[in-house]
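The values are calculated or read from the model by the stated rules, or taken from the named source; none is laboratory data. Model, not experiment: these values are computed from the prediction. Here Cβ is always computed from backbone atoms with ideal geometry, including for glycine, and neighbour counts include all displayed protein chains.
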Amino acid sequence: MDMAAQPILAVDGLRKSFRGLTALESVSLEVRRGEILGLMGPNGAGKSVFINVITGLYPSDGGAIRYCGRDVTALPSYVLARLGIARTYQNIRLLRRMTVLENVLVAIKDHASQPFRSLFVRNRSGGVAAAMALLEQFHLADKADRLAGTLAYGEARRLEIARALAGKPSLLFLDEPAAGMNERETEELAATIRTSHRLVEAIVIVEHDVAMMRGLSDRLVVMDSGRKIAEGNPADVLTQPNVVEAYLGTDGADD
Amino acid sequence: MMQDYVVFVGINIVLAWSVYVILLAGSLSFANGGFMAIGAYVSGVLTVKFGVPLVLAALAAGVAAGAIGVLVGFPALRTRGIYLMLVTVGVTVSVKAVIESIDYVGGIQGFGGMVGTTQWHVVALVAMVGCGLWALSKSPLQRILDAVREDELSAASLGINPVHVKLVCFGAGAFLAAVAGSFYAHYLIHVAPDQFGIVLSVFIVLYAVLGGTNNLWGPPIGAAIMTLIPEFVRGLESWRPTAFGIIILGLLLIRPDGLLAFRSITARARGIFVTKRA
């Protein structure tokens, strides 16, 4: 099988339940190289659980996850991060008492994967230029010395994405990046995500915002009650009757 | 007399740093009194019974305590917060009980004959550990430790293995406490298990916490002040523990983050705790 055709991530029959409550009921999907995959669904559909299982936060109860052809099902999150799977969190998790620059520096792969070797390296400022370049791309360079906890909401989102990219990942998961944003902020975020897309092979976005997902995603997957109910190009998927019923009908109203 | 001050302040500084090293990765250890006891006894046996030179014996004792620290820490560091603290308390209590039951080192009577520590040993040790910690504070490792302390989950999603980082710090702290314990024993000539009870561990933590754990200069300040204060209030005799306690409470009230807590004070002044949007 040639490299371009092999999906970067292949999930097969993934299952997860919490105390008997089924969160994921045999979910299978592929993430292809070069694409932005949108993952939608009403609250409780299992989207965040899906991301959390894939990125090693929760162990799965069954099924297989293959990343670049390699079985990564039971690996802990730090190993997955080193292999090139990065993520952001629904409720932003920055290192709030560290500066913006430090937040990016800490994610530099050489140091993060071999922390105690970094005590003996000579070239200690090596990462700063790269980190500043990254901050520049995300319009945060002028805030490099601010504490991350003092950033405005949109800036904090951008920083979290920039930080996720500092480890040079291949696959990036964004868990509800537009949550709590107004229209203008959402537009800025979409631009940020397009910037990010140039730096990684594929992005998976979990999001409620239909307009944003329509504009950004190459493909859409819709989940409901822990199952995949639709998959395809955004225009087709968003008009499918079961999608309209499950998702747009109920949750679209309160947005 | 002067030499006493230098040696005891210096040893307490290294002990405070041994707690600081573990705190850097976000764990609080009440095991360092136990590690100090391991250092005192292992090095004492090596010098007295086997004629090993003091510095070599101190290093060997440090390595032994570090290894024990890693063995104990591996299961313990997977637990969090209060449970980890309780495990470290358990370490100190068991170390003391084990030493008391070994006749080879004198049981509860204690073990004697250790000589050789001069103030220069202690000064050199403080200088070396200080330089090491200063180098650490300027290296990328400092940021990685900060990240693990702030948010393990976040650190893990950046490729950092929090358990590994915490374990190495725990071992390093055990090493430092044991080396300090070695020099301590070889200054006092005779040590007994009673000297290494849980109260000692609590005091070591207090040195670090009162001085402030935001940077490497806080713990030595705390250790120096806490070691010397009892000397100055000695005239009060029976009121000494009370005066000591009041001073500790006062420090905690006036400087809750420690005497030298630059970073978190600035952080609070900049309002970092209030930015989360509703």
Next on the checklist: Being at pLDDT 90 or above and under 11 Å from the mean Cα position of the chain (by Cα) narrows it down to one residue among B:ILE189, B:ILE204; which is it?
Outcome noted: B:ILE204
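Please indicate, with yes or no, whether at least one residue in region A:119-139 is acidic (Asp, Glu), within 12 Å of another protein chain (Cβ to nearest Cβ) and surrounded by fewer than 21 Cβ atoms within 10 Å (Cβ to Cβ).
No, because not a single residue in region A:119-139 is acidic (Asp, Glu), within 12 Å of another protein chain (Cβ to nearest Cβ) and surrounded by fewer than 21 Cβ atoms within 10 Å (Cβ to Cβ).
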Checklist entry - Does A:LEU135 satisfy the criteria of being in a loop (DSSP other than H, G, I, E, B) and either among the β-branched types (Val, Ile, Thr) or without any contact (Cβ under 8 Å) to a residue 60 or more places away in the chain (or both)? => result no
Item to check | B:VAL168 vs. criteria away from every other protein chain (no Cβ under 14 Å) and under 19 Å from the mean Cα position of the chain (by Cα) | outcome: no
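Among helices (runs of 4 or more DSSP H) lying entirely in region B:78-167, which contain 1 or more residues that are among the aromatic types (Phe, Trp, Tyr) and touching a Ser or Thr at 6+ places or on another chain (Cβ under 7 Å)?
The helices (runs of 4 or more DSSP H) meeting that bar number zero.
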Checklist entry - Just for region A:76-111: of the residues that are facing chain B (nearest Cβ under 7 Å) and over 19 Å from the mean Cα position of the chain (by Cα), which one is surrounded by the most Cβ atoms within 10 Å (Cβ to Cβ)? => result A:HIS111
Checklist entry - When you look at B:GLY51, is it at positive phi and exposed (fewer than 15 other Cβ atoms within 10 Å of the Cβ), yes or no? => result yes
Item to check | Members of region A:2-52 found to be on the phi > 0 side of the Ramachandran plot and either touching a Lys or Arg at 6+ places or on another chain (Cβ under 7 Å) or without any contact (Cβ under 8 Å) to a residue 12 or more places away in the chain (or both), listed by number | outcome: A:ARG19, A:GLY20, A:SER26, A:GLY41
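For (1) part of a strand (DSSP E or B); (2) touching a helix residue (DSSP H, G or I) at 6+ places or on another chain (Cβ under 6 Å), each residue gets a yes or a no:
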{"residue": "A:ALA74", "(1), (2)": "no, no"}
{"residue": "A:TYR78", "(1), (2)": "no, yes"}
{"residue": "A:ALA86", "(1), (2)": "yes, yes"}
{"residue": "A:ILE92", "(1), (2)": "no, yes"}
{"residue": "A:LEU95", "(1), (2)": "no, yes"}
{"residue": "A:PRO115", "(1), (2)": "no, yes"}
{"residue": "A:GLY127", "(1), (2)": "no, yes"}
Checklist entry - Just checking, which of A:ALA130, A:ALA45, A:ALA86, A:ALA112 is under 21 Å from A:SER17 (Cβ atoms) and small (Gly, Ala, Ser)? => result A:ALA45
Next on the checklist: Looking at (1) at the interface with chain A (Cβ under 9 Å from one of its Cβ atoms); (2) closer than 22 Å to B:PHE8 by Cα, which one does B:ASN161 not meet, given that it meets all the others?
Outcome noted: (2)
Next on the checklist: Of everything in region B:140-152, what is more than 7 Å from chain A (Cβ to nearest Cβ) and either in contact with a Leu (Cβ under 8 Å, 6 or more places away or on another chain) or within 15 Å of A:LEU105 (Cα to Cα) (or both)? Give them in sequence order.
Outcome noted: B:GLN142, B:LEU145, B:VAL148, B:ARG149
Checklist entry - Across region A:36-55, what is the number of residues that are more than 14 Å from every other protein chain (Cβ to nearest Cβ), touching a strand residue (DSSP E or B) at 6+ places or on another chain (Cβ under 7 Å) and part of a loop (DSSP other than H, G, I, E, B)? => result 4
